[in-house]
Every structure is written in structure tokens, then in C-alpha cells.
Number of protein chains: 2
Amino acid sequence: MSNDPPFRRIAIVGVGLIGGSITLAAKRKWPSIDVAGIEAGDDLSGIAGAGLIVLSAPVLANIRILEQIPAHAAPDAIVTDTGSTKRRIVAAAAASPALTFIGGHPMAGGARGGAAHARDDVFDGRPWILTPQPGHAAAAVARLESFVAGLGAVPHVMTPELHDRLVGAVSHLPQLTASALMHAVGRLAGDAGLEIAGSGLADTTRLAASPPDIWKDVAVTNEDVLRDALDVLIKTLADLRDTLQTGEAIEAVFTSACRWRAALEGARGAKATP
Amino acid sequence: MSNDPPFRRIAIVGVGLIGGSITLAAKRKWPSIDVAGIEAGDDLSGIAGAGLIVLSAPVLANIRILEQIPAHAAPDAIVTDTGSTKRRIVAAAAASPALTFIGGHPMAGGARGGAAHARDDVFDGRPWILTPQPGHAAAAVARLESFVAGLGAVPHVMTPELHDRLVGAVSHLPQLTASALMHAVGRLAGDAGLEIAGSGLADTTRLAASPPDIWKDVAVTNEDVLRDALDVLIKTLADLRDTLQTGEAIEAVFTSACRWRAALEGARGAKATP
């Protein structure tokens, strides 16, 4: 089996946890690959020779950078991103028909961002969603799929709309919930409460170490989905609150949650055994 | 240092995860200790010779069993429990002045209950809250403290009222939230969403594997605290929902959550280094 990289030279704009990990994972798989890392605010002349350009800044910054890509990139370059929402950036890319933009989102990372936490195995076995536009050449999509598979990830192709709805539920809503819960627990219990907390609180609020900035971009670009998702969660919590004496909602919600939790463990277990 | 157990014989009523783990941890520390394990619905004659009686069934079952204790226990026996709320059972015990009841709550365990998951190290370094009544002889409290310290736990003495308020925030609220979130995510995203979920969802919903039964008892016996706690959380989530475009609540809530999360890690880190 050949180990030629699908792109001889790639450029990564925005070198945080994800951008840094792409560099490390690409070098692990293809030691000869040439990777240009460019800070999000820097001059883009370094992308000139790249066959693949990866935008790895926060969502709104990626959209601003995208507008400057045609002036610097090779005409046949494929452009992708790693942002957490896809409808907005795909729509922005559609305004530049000369650009071959394929939205991307690796479902990997961690609460701690920054290049210092980058690792070459962050993507191993993890889904990497790609959202090509209808007019795209299948060959470009196949090349990008082979690139992300080389990083260790499992490519999933879907529409930007489906991505934003599913990821809004399985990633954005848990993030907002973990931060809201940690805030509420801190206000209610203070340091004396944290002193006696068990591992349940620590697990449930692990995501609460995420800083606000990238999540503001996510909220703005997935507002409709998140409004609906928060409504469903708030309604569920209000039902629990209103039937604490009878346990009616506890019975229904916990039974449903146990079933979905088992399904989640099944889905993750299946992935752990390739 | 002597290794005589503070009680030569103990009886544990309700042999699930916590009751089973108490047995294992006690035998680890004091191989000579005599432990009688009694199922929650069984005849209580086995408690007769015990110096310590531990009620480890769900909260309301413990309260029912408590009423039958004076008929079977030695007059000088100390009675404790391991339930997740303390005001209700302490009030019930106060109705039997002959009983030396000291409420207890080990802040340990896991989402998976049952004796099959019992381990001898479940309590190591974990807080074990004791809620003595004002009239208690200090000697009885000291003996129970030395027992739970022998199991590996760190005794914390507080009132039943403070216990229920703090634990409502750091344990009961996260449990209700994790189950509500898993239910909402399942409804919103279905199996297709779980298929692409990252580890954030798995961590945030680990507690959602808890079955409804013991949590109905917790809700009934800590209703006022949980109603207030759920109100604070619902208000926080509603603020997030109503300012998705401006990011105003994201800025405030995430900043607060980051600070409390760091405090939680500090508290847990301090405990990990005895």
C-alpha cells in the first residue's frame, strides 16, 4: 500500500488544539508531508503552494479568512475548515463559486484548547464530518476523505443542515448545559459544597472548563437549533421540578435517559472495536 | 497502633453497592470484624448482637426499617445510614429517643449500583458526612468517625439541613441534569446523533445510567432544595437561550463556570494529596 499523502503540501490557518493536532497526525501518517502553520491573523501568502487549506480558527474568524483565500490560494486548492457549525460557512463559501470548499468538523478535541494540548492521536477512531456542496466534484471529496482517514478519523458525509441539527444536540447543548450547571452549583453550594463533591459532579461539568469565546460564535451561527434544544431541556427540567413529590417525571425521564445512555455506550463501544 | 475495630460486630441492612463496599472495606481494615449482611426486606433478628447498625437501602426504605430497629437492636447499639438525604431520616429517628441514630452519607459510589460493583476502595479519600443530633454523646460520634475513617473515608460533621442543601446542589442537581440532558439529546438527535457524539456527551451524561427508583426517594425528601436548585439552573439556561445572538449570557455564565470548575479541580486535587 502506497503511503503518498493525498496532498503534498497543506496549510493550516489557526494553530490551536485542532490545527496543531492535524499537523502532528499528518506527520505521523505521512512523514514527508509539508505543513505550513499560519496564525489566524497573519498574512496568508504562505497558503500559495498548498493543495489543501484547513481553516482552524473559531467559526466567524474562519468565515472572514475564507473571503481572503481566493486572492492567495492555488486555483485547484481544496479548502476545508474544522468549525463547530456548518450552515453559515458553507453559505459564505457558495458566494465564491471558484472556491472548492468542503466544510469539515472533527468530533474530537477536549475542554482544554491551545496548541500546547495538541496530540497526534486526537482523531483516532473519531468521526470527522464533511459537508460537500451539491456541485462538488466527487474526486475532491474523496481526496479529503482519504486525508482525514489518514489522520485516524472516520469520515461521515452529510448536509450542513443535518450537521448543525445533530451536533447542536450532541455537542453544543451538552456544552451549554455543563457550563450552566457548574455556574448554578457554584452559586448554590460555594466552596463548602465543592469540598464534599463526588466524581459525578466532576464528570458532569468537565466541559465547563471551556472558555466563552468560541462558544459565542457557535451560538450565533446555530441559534435556531440551540433555541429549540434549550427549550426541550428546560421543559424536561421544569417537568422534574413540578413533580418532585410524585416522581412522575423522574420515572419517565430517567427511564428514557437510561435507554439513550445505553445506546450511546453501544455506539461508542462499536467504534472502539473497528 | 492498635488495629482493633471500633465495633466487633456490625450489621448492614441493604447490601447493594454501598453496603457491599462497606463490608469489603471493613474486612480490608479489620480482618477480624464480624459483618452481618441483611437484605432490606428480611427479618431483622440478625442485628441483635451488633454494636453498629448501618441502613443502606434507599432513603424511604431506611426510614421504614428504622422504626423496627428498637425491637431488635442491643440498647447501646449505634445506628447510622448511608442515604442521600438527611433531614427526613434524622427527624424520624428523633421520634425514638432511646435510639442512638447518627445520620451518615458517604460521597462515593457510581452510576452502577448493586453488590456486584462493590469494591474495598470505594471510600478511599472520599468525604463521609455525619449528621449527629444535638443531644448525642460525643463518644458515639467519635466512634463512628473512627469507623468511617477506617474504611478510608474522610469524616465531615454537619447539620442535616446543611447536608441537604449542599448535597442537593453538588450531587442531586447534577444527577437530575445529566438524566434530563440525555433524555433531551436522545429525543433531539436519535441514534444518528449518538453515532457522531464526542467524549463530551459521554462524560456529561455518565450519571444518566442511574435508574429512577432511588432518585424518587431523594426528590421526595429534598423537594424544597431541589425546587430552588432547578429554578436557578432553568433560569441560567433560559438566559443562555434568550441571548444566543449577543452572547451576553454565554460570556457571564461560561466565565463563572470556568472559575467554579477550577475551584472544583483545586478541591479534588487537594484531596488527592493527603
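The values are calculated or read from the model by the stated rules, or taken from the named source; none is laboratory data. Source: prediction; values computed, not measured. Note that we place each Cβ from the backbone using ideal geometry, even for glycine, and neighbour counts take in every protein chain shown.
Below are the figures for this structure:
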read-out	value
Within the stretch A:230-260, tally of residues that are without any contact (Cβ under 8 Å) to a residue 24 or more places away in the chain and crowded, with 22+ Cβ neighbours inside 10 Å	10
Near pairs, Cβ below 8 angstrom, 6+ apart or cross-chain, from the stretch B:93-106 (in the same structural domain as B:Ile22 (by TED's automatic domain parsing) and under 19 Å from B:Ala48 (Cβ atoms)) to any residue that is crowded, with 20+ Cβ neighbours inside 10 Å and among the polar types (S, T, N, Q)	B:Phe101/B:Thr80
Of all residues making up the stretch B:75-91, the number that are surrounded by fewer than 17 Cβ atoms within 10 Å (Cβ to Cβ) and modelled with pLDDT of 95 or more	1
Tally of residues being assigned to a strand (DSSP E or B), out of contact with any Leu (no Cβ under 9 Å at 6 or more places or on another chain) and farther than 13 Å from A:Ala73 by Cβ across the stretch A:3-53	3
Unmet requirement for B:Gly49, which otherwise passes all of (1) at pLDDT 95 or above; (2) in contact with a strand residue (DSSP E or B) (Cβ under 6 Å, 6 or more places away or on another chain)	(1)
Matching residues, the stretch A:106-119, being part of a loop (DSSP other than H, G, I, E, B), modelled with pLDDT of 90 or more and closer than 21 Å to A:Glu39 by Cβ	A:Ala118, A:Arg119
Only listed residue being within 24 Å of B:Leu162 (Cα to Cα) and outside the structural domain of A:Pro132 (by TED's automatic domain parsing), chosen from A:Ser179, A:Ser210, A:Ser256, A:Ser199	A:Ser199
Count of the stretch B:59-74 residues which are surrounded by fewer than 22 Cβ atoms within 10 Å (Cβ to Cβ) and in a loop (DSSP other than H, G, I, E, B)	1
Matching option when the condition is surrounded by fewer than 20 Cβ atoms within 10 Å (Cβ to Cβ) and either touching a helix residue (DSSP H, G or I) at 6+ places or on another chain (Cβ under 6 Å) or within 17 Å of B:Thr243 (Cβ to Cβ) (or both), among A:Arg227, A:Arg187	A:Arg227
Odd one out for B:Ser199, checked against (1) more than 7 Å from chain A (Cβ to nearest Cβ); (2) within 19 Å of B:Leu237 (Cα to Cα); (3) among the hydroxyl-bearing types (Ser, Thr, Tyr)	(2)
Which numbered condition B:Ala139 misses (of (1) of a type outside the set (S, T, N, Q); (2) in contact with a helix residue (DSSP H, G or I) (Cβ under 8 Å, 6 or more places away or on another chain); (3) farther than 30 Å from A:Ala267 by Cβ)	(2)
Test: residue in the stretch A:39-56 that is under 25 Å from A:Arg165 (Cα atoms) and either of a type outside the set (A, V, I, L, M, F, W, C) or surrounded by fewer than 21 Cβ atoms within 10 Å (Cβ to Cβ) (or both)	yes
Verdict on A:Ala153 being buried (at least 20 other Cβ atoms within 10 Å of the Cβ), within 7 Å of chain B (Cβ to nearest Cβ) and small (Gly, Ala, Ser)	no
Lone qualifier among A:Phe101, A:Phe147 - being assigned to a strand (DSSP E or B), over 16 Å from the mean Cα position of the chain (by Cα) and at negative phi	A:Phe101
Test: residue in the stretch A:11-26 that is among the small types (Gly, Ala, Ser), out of contact with any His (no Cβ under 7 Å at 6 or more places or on another chain) and over 26 Å from A:Val170 (Cα atoms)	yes
Residue in the stretch A:157-164 that is of a type in the set (A, V, I, L, M, F, W, C), in contact with a Ser or Thr (Cβ under 9 Å, 6 or more places away or on another chain) and facing another protein chain (nearest Cβ under 9 Å) present	yes
Matching residues in the stretch B:152-175 - criterion: being touching a residue at least 60 places away in the same chain (Cβ under 8 Å) and touching a Pro at 6+ places or on another chain (Cβ under 8 Å)	B:Val154
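Yes or no, residue by residue, for (1) aromatic (Phe, Trp, Tyr); (2) facing chain B (nearest Cβ under 7 Å); (3) within 22 Å of the chain's Cα centre (by Cα); (4) under 30 Å from A:Ser56 (Cβ atoms):
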{"site": "A:Pro212", "(1), (2), (3), (4)": "no, yes, yes, yes"}
{"site": "A:Val218", "(1), (2), (3), (4)": "no, no, yes, yes"}
{"site": "A:Leu226", "(1), (2), (3), (4)": "no, yes, yes, yes"}
{"site": "A:Thr255", "(1), (2), (3), (4)": "no, yes, no, no"}
{"site": "A:Leu264", "(1), (2), (3), (4)": "no, yes, yes, yes"}
